[in-house]
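Shown next, in structure tokens, is the structure this report addresses.
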Amino acid sequence: MNILIIGNGGREHAMAWKINQSKLCSHLFIAPGNAGTDQIGENVSIAVDDFEALGEFCIEKKIGLVVVGPEGPLVMGIRDYFESKAELSSIAMVGPGKEGAQLEGSKDFSKQFMVRHGVPTANARTFQASESKEAIRYLDDCKAPVVLKADGLAAGKGVIISASIEDAKVSIREMLEEKKFGEASSKVLVEEFLQGIELSVFVLTDGEHYVVLPEAKDYKRIGDNDTGPNTGGMGAVSPVVFADSVFMKKVEERVIKPTIAGLKKDGIAYKGFIFIGLMNVEGEPYVIEYNARMGDPETEAVMTRIDSDLVDLLSACAKGQLKNKEIKISSNYAATIVMASGGYPDSFEKGKTISGLSKSNIAVTFHAGTINQNNEIKTNGGRVLAITGIGQNLKEASRNAYAAVSTISWDGAYYRKDICQDLLRIENPT
Ligand code: AMP
Ligand code: GLY
């Protein structure tokens, strides 16, 4: 079967890496891809939101399976577009339609969904742009810290955690009245702050049945010890030590099952990944957010721990045949370190030559923001590489990842030095 992956990040390279290992994959294309995906499949220069060109390409190359990586095209309705065209509607696709993607595209929608279906989550109230006075009055009755969330997609920046109610009042005015996040903040949720440890759980569902992928922990801040501004993610670890079988059972019973049953009840046919951002509050799971896709860089850790044939699972998902499918998960540990351009997540330079990119047998190098220019691999984004070390325990995985990272360099390369350290401390308290 010919397969098309849509996207150009580390997530898509990791999916390409895993898909390429399947006997079911004949020819693999990635649109638009990066310098890494081009080494294992064929990059196609079509933008992720150019549905017409993607559709024409699928017909020309007889694509049997489309895997949509990022949220943008999902929220814009790539599935709805394919389903509306007679010549495209039979192509299997992993990724929900526009309505299902609202789980990620609108925090108000997803909060109402969770409340309606009894999924544990933080209490919240939504305010419209015309209700900023009510929002400010409401804040007077809230306890600090308080969480403010722009309703729409805001490139991972739409959440503000205010340490004081006074700060929250200033921020909510900026969001609602001055449209700090543009249209995304024309509605804002004021949400209760949950104290706990976060983890990401990934589910692949055909709308009725599901498999649970390996869980992961993401490191969102730019600086060591979780300091500085938020990024797309600077590292990931899988498995997560505190996600033991008791906790994961609670996640499955209280979160995953009601979520999938809820989608069905609401008449939302959902075929794709659900990424559940969870807070572990004293052993109890609460949903912080849903995403309609896999996480990045979590995917770069997760893919290395799936022993099953991913194409078999993805096609079963897209065709509504996940019933009786099982996922085999490796007992190995994976630790992913993101190497970023100096200056990220603020402004940074591109076009730096990357050196030391040789194959390693202790780690896998996934490309994110890279480009091949005249056979030289250059930086082409904020997050440039995601290096996943594999080991029999967390310490070994981390050591392997950092050993591989230390051989790669470019002018201004930056990475966090403390990925895994918090989990190693939980494993070995002093
Ligand atoms: P989100 O964009 O929803 O993933 O939120 C970004 C980050 O804000 C999350 O990864 C959490 O670290 C934090 N966050 C979101 N909601 C809450 C909450 N209710 N309590 C505590 N932290 C939160
Ligand atoms: N790493 C977080 C995300 O993909 O949203």
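No value in this document is a laboratory result; all are computed from the given coordinates. These numbers come from a predicted model, not from an experiment. Reconstructed Cβ throughout: ideal geometry from the backbone, glycine too, with neighbour counts over all protein chains shown.
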Total charge of the residues flanking residue 165 in space, meaning their Cβ is under 12 Å from its Cβ, with Lys and Arg +1 and Asp and Glu -1, is -1
Residues other than residue 123 with Cβ under 10 Å of its Cβ, Lys/Arg counted +1 and Asp/Glu -1, net out at 0
Counting all Cα-Cα pairs in the chain, those more than 37 Å apart amount in percent to 21 percent
For segment 286-430 (alpha-carbon point model, no solvent) the Debye-based log₁₀ I(q)/I(0) at q = 0.16, 0.19, 0.20 Å⁻¹ works out to -0.98, -1.17, -1.22
Phi angles of segment 106-120, converted by Karplus (6.51 cos²θ - 1.76 cosθ + 1.60, θ = phi - 60°) into ³J(HN,Hα) in whole Hz with x for Gly and Pro, give 9, 6, 5, 4, 5, 5, 4, 4, 5, 5, 4, 9, x, 8, x
Binned at 5 Å starting from 0, the alpha-carbon pair-distance distribution of segment 179-221 in whole percents comes out as 5, 14, 12, 13, 16, 21, 16, 4
Per residue, the convex hull enclosing the Cα atoms of segment 280-357 spans a volume in Å³ of 223 Å³
Assertion target for 384, 119, 212, ordered by fewest C-beta neighbours within 10 angstrom first, is 212, 119, 384
Of all lysine pairs in segment 302-430 that are eight or more residues apart or on different chains, those with Cα atoms under 19 Å apart total 4
When 366, 29, 242 are ranked with the fewest other C-beta atoms within 10 Å first, the list becomes 242, 29, 366
Taking a crude spin-label model, label points 7 Å out from Cα along the C-beta direction, the residue 209 to residue 24 distance in nm is 1.2 nm
Counting only backbone N atoms under 14 Å from a point 7 Å out along Cα-to-Cβ of residue 250, the residues of segment 274-290 in range are 278-288
Per the rule of 0.36 nm per residue minus the C-alpha distance, extending residue 312 to residue 2 adds in nm 110.3 nm
Which residues qualify? For residue 93, with a placed amide H closer than 5 Å and at least 5 residues away or on another chain, they are 66
Everything considered on the Cα gyration tensor (a ≥ b ≥ c; rounded for a/c under 1.5, else prolate if a/b is larger than b/c, else oblate), segment 177-299 must be described as oblate
Fewest to most Cβ atoms within 10 Å: 132, 200 sort as 132, 200
The chain: antiparallel bridges as % of DSSP beta bridges, rounded to 5, reads 80 percent
With residue 110 itself left out, Lys, Arg at +1 and Asp, Glu at -1 over residues whose Cβ is under 11 Å from its Cβ give 0
Scaled by the rule-of-thumb 2.2 N^0.38 Å, the alpha carbon Rg for segment 60-183 gives a ratio of 1.35
With x for Gly and Pro, the residue-by-residue ³J(HN,Hα) of segment 158-164, computed from phi through the Karplus equation 6.51 cos²θ - 1.76 cosθ + 1.60 at θ = phi - 60° and given in whole Hz, is x, 10, 10, 9, 9, 6, 10
Between residue 377 and residues 5 or more places away or on another chain, the pairs with built amide H atoms under 5 Å apart involve 354
In whole percent, the Cα-Cα distances of segment 132-185 spread across 10 Å bins from 0 upward as 27, 57, 16
Nearest-0.05 FRET efficiency for residue 325 and residue 116 at R0 = 41 Å, using Cβ-Cβ distance, is 0.90
